[in-house]
There are 2 protein chains.
Amino acid sequence: MSSNVIQALNSWVQVHKDSDFSIYNLPFGIFQTKRLTPRAGIAIGDKIIDLSVLHDEGFFVDITQLPNDIFLREYLNDFIALGKPVTKRVRERVRDLLLETNGKLRDHQCRGKALVTMKEAQMLMPVKVGDYTDFYSSIEHATNVGKMFRDPENALLPNWRHLPVGYHGRASSIIPSGIPIHRPKGQFKDQGMESPEFGPSRRLDFELELAFVVGKSTKMGDTVSTSEAEDYIFGFVLFNDWSARDIQAWEYVPLGPFLGKNFASSISPWIVTLEALEPFRKKSPEQTPEVLPYLQTSKDHAFDIQLEVYIQPEGMKPSKVCTSNFKYMYWNIAQQLAHHTVNGCNLNVGDMVASGTISGPTDDSFGSMLELSWKGTKPVILEDGVERKFIEDGDTVIMKGFSQMGDVRVGFGEVETKVLPTK
Amino acid sequence: MSSNVIQALNSWVQVHKDSDFSIYNLPFGIFQTKRLTPRAGIAIGDKIIDLSVLHDEGFFVDITQLPNDIFLREYLNDFIALGKPVTKRVRERVRDLLLETNGKLRDHQCRGKALVTMKEAQMLMPVKVGDYTDFYSSIEHATNVGKMFRDPENALLPNWRHLPVGYHGRASSIIPSGIPIHRPKGQFKDQGMESPEFGPSRRLDFELELAFVVGKSTKMGDTVSTSEAEDYIFGFVLFNDWSARDIQAWEYVPLGPFLGKNFASSISPWIVTLEALEPFRKKSPEQTPEVLPYLQTSKDHAFDIQLEVYIQPEGMKPSKVCTSNFKYMYWNIAQQLAHHTVNGCNLNVGDMVASGTISGPTDDSFGSMLELSWKGTKPVILEDGVERKFIEDGDTVIMKGFSQMGDVRVGFGEVETKVLPTK
């Protein structure tokens, strides 16, 4: 598909024009219902296509690489590991079957079984995450943090423009949308404290990020060039990198964030494929100084994905607190993946690689409360005049993301997480 | 078993008095041979007990929790997850069967099949590592690093004595002893360089560590106290946390080590159980200032384990470059585990938690070349006058560890890794 030219498609499944799950999208996920065990599905409108039913009924019979039970496994890892030639064919087959001109599934006796109502399904983790890496690739975010905590005149550290700074996070505590988290406890030493204290975090924060899911493994010692990098990326999810700012600030020197982050990260459950995002490809911001050859790219690797964050205090409506865009990222996914493997570090299918907080250039496009409230000095005003500097118990944080061009909309749905008091 | 009192035991399997794998040890591992698929074993002298044979022959028939194929799985995770009451009974049963007074296995027709010659076996990863955490718990190491890179008068950062500083590492690149690694490439900006350069690391280093293997999972939001912590620890392995000092120095601010570490970590393949180390339990060094209540301990959680590092240049004999001891650690394993979970971070069976470089108080007890050569200013002299500041291509690094009291020796074997040129 050539960039930015989209053929109009219509489905016999009714899809609202504001739905993230149009026929152009068709993301993969793992769901279960009261009656159905965990299985792989594709979202369309407010329905889920149960891929195991389609497989049973022979709709994929010519895609011979698909094991019989491939869509009945707990995670998508094995399916993704079959490779893009296979996963693309499955997605394209489902698209063809959903076209209004195609009666094969529409008029098939299995139709009722194959289409599950999304409301009746619970979305689970789409992949088993082996390793999780978090980058720090938004220049606006890194600059804001540098201004607040270091030197406003030299906000970026010397390495920042030369390499995509990143670190390893905790894979075990990545959870899907809908699962509440408890406010973490920990040590902190705020300004004015003589010695560190212990208790519930007082500065709980979200970080608005996108994460890509690794779609192809590499061996130890192997490197992947920027031009090959996208072959190793299956798709994206929204990623809320929960952060306890007080715990993080006290612990993070010299080895980086640990307990300030590893209590939870929340993701949207549908993996939007790189193919679905193809029409929204963009040029990345220019990089100065020029990067080393292994980080140079010849293709556009940024994507125009609008991102929003809402805070919903208990018993209230959600208020939008941030509107950002993935296209602002200084370091792109091809550079991140090439950098990650340049030393021979091996990647596995299902690994998650997050972008870092995605902040834009304006005050209302910052991707964390730390920045929106400027370190708690400037409250963010929600509906009915409610104020927030950080996230409070009972608040639900909702992140949304979508790409739109005319009537064509490809979105992520949301990642929505309620914060409960300390356990 | 009460501390420091060991009943003399003898086995009908001949065990050399200097063997790490005495009847007091009986560590668990996963091995394969030319004829045998991967399976679980226990080391004794220069033999491996094939646990699947013992299980088939009914030696564990009364341990009803053991699935039929439990010892034929690729990793020990499922076995360890059965819990200490089960894993201890298996180990004790094997010990009883190996006693010279016990003829049940010695005189059984399966004896030849049950005892595999260690030399004919290849040791594999004992567990599938979900998440890997690295602490920084040696005060001598942290002080040395602080003196070299920060302020010699204030070598320790303000948080260091208040919490066990730690960070997340890469699980995918943990490999067993015997697998060579390639020198990593990366970006570095050494003193005097105008801008960063790219190439093979010039300061490749080992870090002498021990890692514990998590033996019991926790749920998100749960915390484990220091007094319960050891229930969650199955055993230990030697851990060589390979480090590229030049890559690390350039990348690590502000989010910690990444490509400087994640190209490889090498472990000894036998997991020595906490039970086997019981007689070598020690008091940890005193902690000043007093730590917060959640980090206080009432029991001894340090262990007297002598550690050695050798460098063997190609075609030469190994030279010992370091003699250290695990008992020096300022922060102990109970504190590390309690800290790791105090914010509700969940642990899984098979997770690895490494100690950080284990340096002692004397110049010859430092656990890295960085410290032994004091940042490359003071070459380390090997046999025949060969000098090393860091690790060179063709060098093999060997780490050994053992506890000894009189004739009783409980050891780890070794982790031995050859460094090949950049791929």
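The values are calculated or read from the model by the stated rules, or taken from the named source; none is laboratory data. Since this is a predicted model, take the numbers as computed values, not measurements. Don't worry about glycine lacking a Cβ; one is built from the backbone with ideal geometry, like all the others, and counts go over all protein chains shown. Areas reflect the complete protein model, heavy atoms only, side chains present, ligands, DNA and RNA absent. Shrake-Rupley method; radii C 1.70, N 1.55, O 1.52, S 1.80 Å.
One table, with the values for the structure above:
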quantity	calculated
Beta bridges by DSSP in the protein assembly as shown, antiparallel share as percent, to the nearest 5	90
FRET efficiency, A:LYS299 to A:ILE63 (Cβ-Cβ, R0 30 Å, nearest 0.05)	0.60
Expected 222 nm ellipticity per residue - DSSP helices of 4 or more, -39500 (n - 2.57), all of chain B, to 500	-4000 deg cm²/dmol
Rounded, prolate or oblate (a/c below 1.5 giving rounded, otherwise prolate when a/b exceeds b/c) for segment A:1-66 by Cα gyration tensor	oblate
Selection of GluC sites (Glu not before Pro), segment B:266-365, meeting DSSP coil and at most 10 other Cβ within 10 Å	B:GLU286
Label point 7 Å beyond Cα along the C-beta direction, distances from A:PHE149 to other copies (nm, shortest first)	1.6
Exposure ranking of A:MET148, A:MET369, A:MET405, B:MET118 by accessible area [1.4 Å probe, largest first]	A:MET405, B:MET118, A:MET148, A:MET369
Part-to-part distance (alpha-carbon centres) for segment B:198-247 and segment B:372-386, which is given in Å	27
Alpha carbon Rg of segment A:311-423, scaled by the compact-globule rule 2.2 N^0.38 Å	1.30
Position A:MET405, label points 7 Å along Cα→Cβ, spacing to each other copy in nm (shortest first, one decimal)	7.2
Accessible area per residue in Å² at 1.4 Å probe, computed on chain A	38
For segment B:107-167 versus segment B:393-423, the gap between their alpha-carbon centres in whole angstrom	13
Coarse-grained scattering of segment A:28-124 at q = 0.24 Å⁻¹, given as base-10 log I(q)/I(0) from a Debye sum over alpha-carbon atoms	-1.44
Trypsin sites (Lys or Arg not before Pro) lying in DSSP loop within segment B:26-90, provided at most 10 other Cβ fall within 10 Å	B:LYS34, B:ARG35
Cβ-placed point charges (K, R +1; D, E -1), dipole of segment B:339-423 about Cα centre in debye, nearest 20	280
Value in Å of the Kirkwood radius, where chain B supplies the Cα pairs that are averaged	22.2
Centre separation in Å (Cα based) which lies between segment A:275-324 and segment B:1-76	53
When segment A:225-300 is reduced to its Cα atoms, the Kirkwood hydrodynamic radius in Å	15.9
Simple spin-label estimate for B:LEU292 and A:ARG89 in nanometres, 7 Å along Cα-Cβ	5.6
Inter-probe distance in nm under a simple model that places probes 7 Å from Cα toward Cβ, at A:ALA81 and B:ASN10	5.0
Chains A and B together, accessible area buried on both sides, 1.4 angstrom probe, square angstrom	5300
10 Å Cβ neighbours from other chains, averaged over peptide B:336-349	5
Signed unit charges on C-beta, dipole axis of segment B:54-204, positive-most listed residue B:LEU72, B:SER138, B:GLY112	B:GLY112
Sequence-distant aspartates and glutamates (8 or more away, or on other chains) whose Cα lies within less than 17 Å of B:LYS47	B:ASP18, B:ASP20, B:ASP96, B:GLU100, B:ASP107, B:GLU120, B:GLU414
Paramagnetic label zone (point 7 Å from Cα along Cα-to-C-beta, B:ASP407; backbone N under 19 Å) in segment B:98-127	B:98-102
0 to 90° range, to nearest 10: angle between helix B:84-98 axis and chain B longest Cα axis	60
Cubic angstrom per residue, convex hull over Cα atoms of the protein assembly as shown	175
Calculated FRET efficiency for the pair B:GLU228/B:HIS108, C-beta based, R₀ 56 Å, to 0.05	0.90
In segment A:180-219, trypsin sites (Lys or Arg not before Pro) in a DSSP loop with at most 16 other beta-carbon atoms within 10 Å	A:ARG202, A:LYS219
Of all accessible heavy-atom area on the protein assembly as shown, the percent that carbon and sulfur account for (1.4 Å)	47
Chain A residue with Cβ closest to the axis mapping A onto B, distance in whole Å	A:GLY256, 1
7 Å along Cα→Cβ, label-point gaps from B:GLU194 to other copies, nm, shortest first	5.4
Violating pairs (Cα-Cα greater than 30 angstrom) within the set B:LYS282/B:LYS400; B:LYS185/B:LYS317; B:LYS261/B:LYS400; A:LYS219/B:LYS320; A:LYS185/A:LYS389; A:LYS282/A:LYS375	A:LYS219/B:LYS320; A:LYS282/A:LYS375
Given B:LYS84/B:LYS119; A:LYS147/A:LYS299; B:LYS84/B:LYS299, the pairs whose alpha carbons are separated by over 23 Å	B:LYS84/B:LYS119; A:LYS147/A:LYS299
